Each structure stands twice: as structure tokens, then as C-alpha cells.
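Take a look at the structure below.
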2 protein chains.
Amino acid sequence: MTGKVRTAEELAKGQKEISIAEFFEKNKHILGYSNPSKAIITCVREAVDNSLDACEEANILPDIFVRVDKVNSKFYRVTVEDNGPGVVEEQIPRVFGKLLYGSRFHTIRQSRGQQGIGISAAVLYAQLTSGKPVRIVSRTSPGKKAVKVELYINTKKNEPEIISKEEIDWHLSRGTRIELELAGNYVRERKQSVYEYLKETSVVNPHAKITFVEPDGTVHEFRRVSEELPPLPREIKPHPHGIELGQLITMLKTTRARDLKSFLKQEFVRVGDKTAAAVIEKAGLKPNLSPQLLGREEAMAILNAFMQTEFLPPPTDCLSPIGAENVIKSLQEEFKPEFVYATTRKPRVYSGHPFLVEAGIAYGGELSENRIQLLRYANKIPLLYQQGGCALTKAVESVRWKNYGLQQSKDELPVGRVVVLVHVASTNIPYTSESKEAVASVPEIIDETRLALQECGRKLKEYLDRKERLVKKKKKENVLRKVLPLLARKLSEIVGEEELDCDLVVARIVGNVYVRRVVGNSTARVEVYNFTQSKRKLKVYEICSGEVRVEKCEGEVKLRTSDRTTLVWELELTPGKKAELIYSFQGRLVNRKPVVSGVEEELLSGGEVFG
Amino acid sequence: MTGKVRTAEELAKGQKEISIAEFFEKNKHILGYSNPSKAIITCVREAVDNSLDACEEANILPDIFVRVDKVNSKFYRVTVEDNGPGVVEEQIPRVFGKLLYGSRFHTIRQSRGQQGIGISAAVLYAQLTSGKPVRIVSRTSPGKKAVKVELYINTKKNEPEIISKEEIDWHLSRGTRIELELAGNYVRERKQSVYEYLKETSVVNPHAKITFVEPDGTVHEFRRVSEELPPLPREIKPHPHGIELGQLITMLKTTRARDLKSFLKQEFVRVGDKTAAAVIEKAGLKPNLSPQLLGREEAMAILNAFMQTEFLPPPTDCLSPIGAENVIKSLQEEFKPEFVYATTRKPRVYSGHPFLVEAGIAYGGELSENRIQLLRYANKIPLLYQQGGCALTKAVESVRWKNYGLQQSKDELPVGRVVVLVHVASTNIPYTSESKEAVASVPEIIDETRLALQECGRKLKEYLDRKERLVKKKKKENVLRKVLPLLARKLSEIVGEEELDCDLVVARIVGNVYVRRVVGNSTARVEVYNFTQSKRKLKVYEICSGEVRVEKCEGEVKLRTSDRTTLVWELELTPGKKAELIYSFQGRLVNRKPVVSGVEEELLSGGEVFG
């Protein structure tokens, strides 16, 4: 050992307080500012997430304007403007100029922002790299003027420093605008870009209108496709099964409740008279105890009693799913697949936090690349980064996709012309870091995601199986179509009988609906055979250039007349049955073959499928 | 749109400050407390990292005691005790009871701790789950008494609250002890466990002694294998290429330097008279300007001038590598492989932060599983979690291991009986989150890691190639040994000449060193042939039970006599040459064949390799 021992006193001189702003300034990559191109995306994301949250909380259909301007080769200006409620003047400095300040941290409700860090971190990064203050414009009602504020964050103190403040005229009657200048790099490549972030955001926020102007002036408009605001998730109290001892002790100390029983009923969700009494009894306490006087031992007893008591799961109106139908619609619109399915699972709980999982799958069609696209969302925010470190990805990898007809190496993403969408909504998304890029491995979330994906997988498998069966059937049909006529001709030559209707025979063998029209002199006979294995409700359409008269009909016939006459024959056929329609007509038949609805194209011979 | 618009004023009511302690209480998984078994490991890690840092800073060889006790099925007590400098009494509360407080955040030097979060986060987690305060014992010199403090963190304020404080007798003359009770789950399985963390820590800290007592009483001792403390990394000033505009503006405002030139020279590393003058000229400024009066424009000009100026890279004595030799020793000891190699790269810089990468590889031998083991280290801390999300892993995956003789699927870890160790040391490790589990994707770090790994790969390849060549050679040799004698006998039968020395012929064909002893009546002749392609320095040992006299010798001979006589013949042979030694002896020859050193076993025929 060499040298002198240094004492605690000598070493103590270096001890210092670190402000949270200093901390994040040094560790800016933790907040999503690890490189210049990501920095721009992160800034846009923080601002847009805020706008969407604010509009929804204020009950306003969001109309958001995003613009990225190039200042010079290293610097960009990001502007985000919304028609939301605005921010009251006194709070502008701290909302934008102080880390760990916000309204959503202390409430239990699904929202995009939860930590009070995002937007002030963007301000911090901007001033760190460009040295320029943030510029905010806010207007809280048409009756008031807008206010424009420029400010810095004092990083040593984590407090805002206002540079200028003035009332201005503004084109919006209500809203917020933020302007940041920052070191950045603008990229347009497919996956990790402002465009992609906004597109994916728009996909799951059909009620938002987003306009995006790129540095070169290109304008993208992501239209509002739903005029309905999703219902605002309701704020709830903590659930007894989601509380830690330390938290409970704090709650006991700070509650306004006078006695233990009211404490339990007031401060927790799903605790009523009965359950409160049961908990108090199990804990060996008295209902009229003053909560403020209870210590660690009593808190521990209450916690144990909580664990031994059944409560209803937390109410789920604190969550706001996208909805399976919206997911299906979005996937269809975006990817034009041949198959799509989505499901919204029932809400569940992890550590007392309600959450729910939604999943969707799209297959084939215009999806050309043989490579999965995985779309991850948390509280309707698209997650563009850290796919590998995300629990949602792990859940997708852990599903045995081979069972569902996709190729897959063990514990990897499946391969195929496939898009998988996963959304987790919660009052408390367990992100792996402040940058909100990946979801931590919470077993309950992984399990629910797996279940949702397995449901999607089963539906995909059904589709693929049916598709395969139909392909096989078609092959068989084609072979029969070639062989049978030869056979039939030979047979009729030998036996001398009338030639067989081969199409009918083929239809019978492969199990189709078969329709046949025999036209005589101004009359036609239409026959329908159901050789499938299920009962069919069918409609057969015949179109004639002149008048029509029904001579015989098994089923019901409606006539529609314009310049042509359309004959709509409605009938129901059990398997193996046949029905007949005879009509006389003037003029000529317009449709080459009878048109049929109520049966899939692959199961129909002799006619054409409607539509 | 439904319902009333809520105004900014209504929404503003929810706005609140969030304390950093509250924030981490809610987001404890970010700090490494995502599940009960990880919680114990993280607590131990934070305390041990602190102990190692403190001992090294105080110039004390660390002697660390770790104990995990089971309190009941849900709670464990973690105790960590060191012989470090202790913590001065006034600072105990804030060091352990306030997040973002510490001595290492504001200094530029390699250390395990850097954020002032770790140990107080452990305290926070403990009190949150068990409701119990932390217990600290600290003694700063043998002349003083130890002090014992119990405290909580007030999470609403992020300030310590002292429960009790007293002077006590203590068995250590200097040191710190911390005792935490927390909800946890103790696991012993191989990879992610307290044992594994301590073992991996010990591997790269050969100067530390660590004693570990498991809950069941099992004691593990990780011995000190080096009595030398690694040199304490030196603190440095920021490097001009590692500074952001915002930081520069703050430095200008807060410096004590009177003029711009002294500012540059005093506040930055690698800036001397000449470079300072050059920077000032390029920035279009005057050297005698007062730094405090310079604004954003001037700061920008200085920054641009920095970028256009060449500086020496930052000094590297702020870094403390493990050392390639230590890595090799550790890998050998731990895994008993047949091949091992390690390299320490030269220091480099990313964003002005010095860093260096070390890598080691071990292959075969007692490594039985055909599966890679990847050991990741950052500033000598083993990284047990988030392998998938770590830049070091990405670097390993991105190397084309097939070129180096290992199997690998594209962009995955290689497969084989192989251990890969990677260590990155830096004044500022870019962790992906506060839990210090993974290194963020900094291109410079990934590049350096790749280079280090490629060097290891090349050495492995050389070894594997040589091994393969030797295997082939052995095969050839074996074939020759079977065939030649038959051939030779046939030949001598026909020609009638003396039979060939087949061994000599084989040795010549395969290119070996060949040694032959011919024993006559109390004399022996030893011949050595060098059929290899390189010059050889050889020693040949002959051992005799009685006296020995050298009759003829090409080279040099030494005699060692104890109860036996050892004859050491030193000779140098160029390729194709032969040398001879003749000696007479009494008694009997002890060694069956001549023993040879200076040639690998695979390249020797006729003798035995020494050792």
C-alpha cells in the first residue's frame, strides 16, 4: 500500500447538492437526447404529448400544428402549437422552466405525461445546446389577450428565469405555442423520425388533427377521422393492493380523516363500510383510532390485513383504450392487409395500478416485405426506440408464432408479411427510463400482452388455415374441371345418354354453392344448389334490359325497376338442397352469369359473387 | 364533441412541485428496484460500490463485509461494512438521506458512483417497503468514537429526518457500516445474484477483500490477490471538445478568471498559452475581455473556435483500467480455459469525456457449455441486467465472429465455449438509466469495443488455426508412423542395408524437433535435429543416478549435482541443423527419454517436453 490515507474530513469537502436540472443536463441521454436526430424527435414528442393531454383534459378536439425549421447546419427550431386550454400566466414559468413540476404526477389516471419532466427537459436541452431561451405563447380564453414569455432554466437551482414577458395579439382564441431552438439533425428515414412519430400518433388518436411542416416546406396533414373525444379517464384513489408500507405511513400522517374507518373509506378505492370493518378487525385495531397517531406497527398490520382481504379490482374508467375497432380501422387504412384482427383485453392490475392491453395484427395484402413490423404504444404514445429493451417486445417474442402459421426462431420476433400492434394503457406505465422509450418487465403486463397476442394469433391461424383449404380446394376443382368433361364425353358416347353437367358434378364434389341458368325462348330457369355443409341465406340477382315476369319461384323475389329491371331472388337453402326460379323476360339479359351474394367467392361455382 | 370546455384556470389547480424522492419512490424500477430479488442485489451493489470508491479515494486497501439476513418470508436485512475513511458526522444525514447529493457528480474522474443517487435510493426503497429507517455507523479515525445514526428520508422534501444519533464503541478503527431492512427475495441462481455480483466485482478489483455471509450462514471469501491499490484517477477540467454552449455560458458567468485568456487556460484541460491565443483569434475576440460580460454570441464564437482548433486529447490519468494482465489472470483463474487473451485500448474521447475499453476472451478448456458468457463492466462495476439493451452487447453482436472461428447468426452473440469480457472506463459512463444496468449507444464507445473485440478475435483465430494445423500434423504423423516402418523394413530386406530410423524420417517430414539418445557401454550419445522452420533455443536435460562426464558437446553443458546428477545441455539450432552431445556415466539413466524445453509439445518427437 502506498501513500497517505486521506481522511473523511478531507474527502468531505467535495460533497455537494446536485440540482435535478444539473443532473439531467449531464445525463441528457436518459431523457432521450442521446443524439442530434433523436433530440428533435424527443422535443416534438414532449410538446405534442402535452398538447394532446391538455386538449383532452379540457374537453377540446385537438388541432395541433408542428413545424421544424432549419436554422443552420447544426441548429433547428421546433414549433408546436395547439388549440388547447392554454396555461395560466403565473404557471407558465414553472410548467416550462422547472423539472419535476406538473399536474399529472399526483393523480391516478391514464395520461401521456406523468412525471413533470418532459417539456422542461426539452427546454433544458434546447438552452444547453443553442444557448437560446424557450418562447411560449399562451392564451386561456378569447376574452383575454395572449401572453408571450421567454425563459431559461437556472440549472443550479432548477428554477425558471424569465427573460421577457408581454401581451400580444394572437390568431388563436385559445391555446399554447412553444418554440425551441436546439442542436439537432433532421432525418426523414422511415422508422425513427418526426413524421413517423406523428403518423403513429395519429393512428391511435383518430380525434386529433395534426399538421406537420417539414424543414423543406413539405406539409403533411394527419386528418381527424373521429369527431368524438375519447371519454376523459376518471381520477381514482389508490387501491389497497397497490400500496407500499412507506406510502401507507405517509397517508396515515397526512389524511384529513378523523378515524381509521373513514380513512380507509376516503383514501382508498374499493373500500366500503364492510371491507373497512373487516380490514380493521383483521388488523386487530379499533375503527375509531385517530390515523395520525398510528405508527409503523399499526401500518404493517393494516397492510397485512389488506393482503388477506379481497377487494374489487380498481375501476377501469381511469383507463382510455384505443378500442379494437379503431385499431382494426387504423391497420386496414395504413397497411391495406388481406387480414386484420384486434382485441382489447379486460383491465387488470399490477401492484395496484390498473392497466389494460390491446393488440392487433395485420397480415398479407399490400404488406410486401417478409419482415414483421412491430408498433408499440404506451398510453397512446408510439414508442419508437429501444425495441430490444421493451417488455412489449419480449411478450411478442415469447409467443409461439409457429403455432399460428408464422415462421419464428426461438425467442425472436416472428417473420412474415405481418404488422403487430401492442398498446398498454395504465395509470402508471412502468417505463424503463425517463425518456419513455420502453416498458419495464412487469410480469402481469407481459402475461396480458401474451394473451392478447395469442388471441390475435389464433384468428390469424384460422384465416391462414381457411386460405390454405381454399387453395387446396381450388386445385382439386381445377383438376376435376379438366378430367371430368373428358370422362363425361366418353361416357355419353358409350352409353348414349345426354352429356353430364360437369360443373354441377365438380361443385358437388368440392362442396360449393352452384348456380345454373338455362335460357329458353324469352324464359330463363335459374337453379341454385347448396353443396356446402352449412345453411345459406342467398340472394341471386338477374338484370334484364326489359320487363320481367316471375313464373315460378322457390323463395321470394323482389323487382327493382329503373331503366333496367333487377330481379332479386332471396332464398334459404339447407345443405344438399336445391331451389328453382323461372321467369320470362323481354329484351336481353344483362348479366352474363347470375350474381350471388351470401357466399364467399371461393365457395361459388357457376355464378359471380356480388360486389 | 361533448361536454363543457374546461379552462386553464380549472386545470391549473392540479399543478404541483414533485420532489425527486417522490419521483423515484413512484418510479423505483428506474433505480433497479423492479422486483424483490433485484432489490436486494441493487442495495448490496450501491453500498459496495460506495465502499470501494471511498476506500480508493482514501488510499485504503478495501476490506468489505457483506451480510444478507432473512427477517421473515418477505423481508431481508442487508448489512455492508467497510474499513474506509468513514463519513463525517455532519454529512451522514445528507449522504444517506438525500437524493442527488454527493461528491462525485461535479468532478471529472473515473469513479463507480457518479450521480449522488444510489445509496439514498436504497434507503428510500428500504423505508418504502419495510417502513424502517436506515442505520449507519461511521468512524473517521481511531482517535474518535464511532457514531450511530438512524434516519428516514422525508420524501415530500427530499431531506433526511434523523431518528436517533449516539456515540458507540465499534470494533473497527475506521469505516462505515450501513444496515437496511427491505422487502426482498433472496436467490442464489447463477447469473443475477448477490454472489455473482460480488464474484464479478472481485474479479476486476483484485486489491479488494470481500467477505459475504448468506442468509443460511454460508460464508464466501473473495480474497485479495493484489496488495496494490490501483492509482487513484486524477480529477481533470473539462476538455474544449466536450462542452455544450449552455455549459460554456454558465462557466463564463461563474469563473473567477479576470480575462478571457486566463479563463480558457484555467477552466479547460489541454489549453495553453498558444491554443488559448489561437482560439481567441479564431473567435474574433480580445484576450483581455472579462468573461463575465460575454454573452451568448461570444460564447457561440468561442465554441466554434474550439471546434476548429486541434487540442491534445484529455489526459488519461483520470481513468483507471483493470489492465490486460489482470483480465487474463482473472479469466484464467475463474474459467480455466485453454486459451485466453485480453487487451486494453488507448483512451479515447466521446463528447469530451475520456474513456477506454478493455476486452478479454477465454476459450475452451474447462468451459464446457457451448454457449457464450458475456461479462460486462462499467468503471469496474459488473453489469448483471439488461444485457439486451446495452451498447456493449451490441458491439459484441456486431463483430463478425465467423471470421474468428466462432459460430454466429447475423447480429447475435457468437456461439461457442467462450467467455467474452468487456470493460468500459470513463469519467462519465453514459448509462441508459439511473439503475446503471446498461451503457447507452455512444458510437465512439461501440467502435472502440469492436476494435478491442476484433483484436481478441484475431488472437483467438490464430490460436484456433494453430490448433487445427497441429491436429492435422498429428494425423499425418500418425499415418507416417504406421506406414514408414513397414516400408523401411521392406526396403532394408531388399537393399540389405541397415534399417532406417523411422522416427527421424517422420520428424523430418512433419517438421519437428527430433531428439535421439543412443546408449552404449556406460556412454550415451544424444542427438538433436531441428526440422522446424525457425531457429530454436533448446535445453536438453539428462538425469543420472551416478557421476557424469561430458565427452563431446556442441553447445554448452551445465551439471547440477545433488543425490543425482542433472546434465543441462543448452544449444541453439537453426532450421535443418543437428547437434550432438556425448557423455559417459556411472549408475543408470533416470529419465526414459531426453527431456527438452524450448519447443512446444506438438513439435517435439523422440523426447519429452519439460514441465
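Here, each number is a calculation from the coordinates, and none is a lab measurement. Just so it is clear, the structure is predicted and the values come from calculations on it, not from any experiment. Note: ideal-geometry Cβ built from the backbone for every residue, glycine included; neighbour counts use all protein chains shown.
Counting only other residues whose beta carbon sits under 15 Å from that of A:CYS318, what net charge do I get with K and R as +1, D and E as -1? Please list the in-between numbers first.
Values: positive: A:ARG104, A:ARG109, A:ARG112, A:ARG234, A:LYS237, A:ARG270, A:LYS346, A:ARG348, A:LYS380; negative: A:ASP53, A:GLU56, A:GLU57, A:GLU235, A:ASP317.
Every neighbour counted, the sum reads +4.
Of all residues in chain B, the one whose Cβ lies closest to the rotation axis carrying B onto A, together with that distance in whole Å, is B:GLY389, 1. In straight-distance terms, cross-link reach from B:LYS209 covers every one of the lysines whose alpha-carbon lies under 18 Å from its own, apart from those fewer than eight places away in the same chain; here that gives B:LYS199, B:LYS329, B:LYS380. A simple count of charges around B:VAL71, restricted to other residues whose Cβ falls under 13 Å of its Cβ and scoring Lys, Arg +1 and Asp, Glu -1, yields +2. Counting from the shortest, the label point at B:GLY520, 7 Å from Cα toward Cβ, is 13.1 nm from the same position in each remaining copy. B:ARG517 sits among other residues whose Cβ lies under 9 Å from its own Cβ, and their net charge, with Lys and Arg +1 and Asp and Glu -1, is +1.
Have a look at the DSSP beta bridges in chain B and tell me what percent are antiparallel, nearest 5.
Details: 100 of 115 bridges.
Beta bridges within chain B, antiparallel portion: roughly 85 percent.
Entry note, segment B:20-222: relative contact order of 28 percent, from Cα contacts under 8 Å with a spacing of 6+ residues.
Give me the mean projected area, in nm² to one decimal, of the convex hull enclosing the Cα positions of segment A:75-180. Mind dumping the intermediate values first?
Numbers: hull surface 28.1 nm².
Taking the Cα atoms of segment A:75-180, their convex hull projects to 7.0 nm² on average.
Using only C-alpha atoms and all pairs of different ones, pull out the Kirkwood radius for segment B:1-141 in Å with one decimal.
On the way: mean 1/r = 0.0583 Å⁻¹.
Computed over Cα pairs of segment B:1-141, the Kirkwood hydrodynamic radius comes out at 17.2 Å.
Per residue of peptide A:16-24, the mean number of Cβ atoms on other chains within 10 Å of the residue Cβ is 6. Counting neighbouring beta carbons within 10 Å and listing from fewest to most, the residues B:TYR463, A:TYR514 come out as B:TYR463, A:TYR514.
Once every DSSP H run of n ≥ 4 in chain A is given -39500 (n - 2.57) and the sum is divided by its residues, what mean residue ellipticity at 222 nm do you get, rounded to the nearest 500 deg cm²/dmol?
On the way: 14 runs with 187 residues, N = 611.
The per-residue figure over chain A is -10000 deg cm²/dmol.
With a simple spin-label model that places each label point 7 Å from the Cα along the Cα-to-Cβ direction, the separation between A:GLU333 and A:ARG6 comes to 6.2 nm. Distance from the alpha carbon centroid of segment B:256-270 to that of segment A:380-407 works out to 53 angstrom.
Along the axis of the charge dipole computed for segment B:428-500 (Cβ charges of +1 for Lys and Arg, -1 for Asp and Glu, origin at the Cα centre), the listed residues B:THR432, B:GLY457, B:ALA488 are led at the positive end by B:ALA488. Taking the square roots of five times each eigenvalue of the Cα gyration tensor of chain A, the equivalent ellipsoid has semi-axes of 63, 32, 26 Å, listed largest first. Distance from the Cα centre of segment B:206-251 to that of segment A:100-163, in angstrom? Using only Cα atoms, the two centres lie 37 Å from each other. Label separation (B:ARG400 vs A:ASP169): 6.6 nm, computed from points 7 Å beyond Cα along the C-beta direction.
For segment A:324-465, the Kirkwood radius over C-alpha pairs fed into Stokes-Einstein at 4 °C and 1.567 mPa s yields D = 87 µm² per second. Taking the label point 7 Å along Cα→Cβ, B:GLU493 and its counterparts in the other copies are spaced 8.2 nm apart, in ascending order. The calculated P(r) of segment B:412-484, using every Cα pair and 5 Å bins from 0, goes 3, 11, 15, 16, 12, 10, 8, 6, 5, 4, 4, 3, 2, 1, 0 in percent.
Projected over all directions and averaged, the alpha-carbon convex hull of segment B:198-332 occupies 12.2 nm². Across peptide B:52-60, the mean count of Cβ atoms from other chains lying within 10 Å of each residue's own Cβ comes to 3.
Just going by the charge dipole of segment B:429-572, with Lys and Arg at +1 and Asp and Glu at -1 on Cβ, which of B:VAL506, B:ILE446, B:TYR541 is farthest out on the positive end? In segment B:429-572, that residue is B:VAL506. In terms of its C-alpha gyration tensor, segment B:291-341 has a prolate overall shape, because the principal axis ratio a/c (a ≥ b ≥ c, square roots of the eigenvalues) is not below 1.5 and a/b outweighs b/c.
Residue by residue along A:85-91, Cβ atoms of other protein chains within 10 Å of the local Cβ number 5 on average. With its label point put 7 Å out from Cα toward Cβ, B:LYS467 sits 4.7 nm from the same residue's point in the other copies, in order from shortest. Computed as a quarter of the hull surface, the mean projected area of the alpha carbon convex hull for segment A:502-609 stands at 6.1 nm².
Classification of the protein assembly as shown by its C-alpha gyration tensor yields an oblate form. The axis ratio a/c (a ≥ b ≥ c) is 1.5 or more, and b/c is at least a/b.
Quick one: Debye curve from the C-alpha atoms of segment A:449-564, no solvent, what's log10 I(q)/I(0) at q = 0.11 Å⁻¹? The Debye formula, applied to the Cα set alone, gives -0.63. Approximating the spin labels as points 7 Å out from Cα along Cα→Cβ, the B:VAL219-to-A:LYS472 distance works out to 7.0 nm.
Dividing the mean sequence gap of close Cα pairs (under 8 Å, 6+ apart) by how many residues chain B holds gives a relative contact order of 9 percent.
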